[in-house]
Amino acid sequence: MTSVKIVVAGGFGVGKTTFVGSVSEIQPLTTEAVMTVASTDVDDLSHVPEKNTTTVAMDFGRITLEKDLVLYMFGTPGQHRFWFMWDDLIQGAIGAIVLVDTRRLADSFPAVDYFEASGLPFVIGINGFHGQFPHRSNDVREALAIPSNVPVIPCDARNRESTKAILVTLVEHAMSMQAAGRY
């Protein structure tokens, strides 16, 4: 049995908790806290007005991809004030998924920069809110200045098969990076 650690990261409200919950075979552990009036001037809810909770530490889930391969998923908090935890969360991880919301693409740059600087293999998951993908993967790649060897994949964080497919892509990408000696 092989177990590996995966990190699910991205900006505020991009669907990290939903992603982990949709694919986890166990009841996911979440550290969701109710958003208060104090965060009104800090957190932009214009694209996610129904959001009333936020991750304050991490999300945790598990999925068995093959009978001998188990992934442990750790979802990061999205707000800048919680990023100090990211260094601890990536310890021992084989790779990361950076979820992006194309309505707020600029919110993705810090996560992309973080994983590029860390050297940890990552893939981009374009979360299609309400099932909509208004931009092609190559357009998102270009806008985020993502190298051609990094997979950029549309996904629906609510859909188990969609999230499972991106996890498989990440594992394959991390393995190819390791085989090439780039990780």
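Values computed for the structure shown
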item	result
The range 70-183 shape via C-alpha gyration tensor axes, a/c threshold 1.5	rounded
Rounded FRET efficiency, nearest 0.05, which uses the C-beta distance separating Ala117 from Asp88 and R0 of 22 Å	0.85
Whole-Hz couplings from phi, Karplus 6.51/-1.76/1.60, listed for the range 170-177; x for Gly and Pro	5, 4, 4, 5, 5, 5, 5, 5
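Where a number appears in this text, it was derived from the coordinates with a stated rule and is not lab data. Just so it is clear, the structure is predicted and the values come from calculations on it, not from any experiment. All Cβ positions, even for glycine, are placed from backbone atoms using ideal geometry, and neighbour counts span all protein chains on display.
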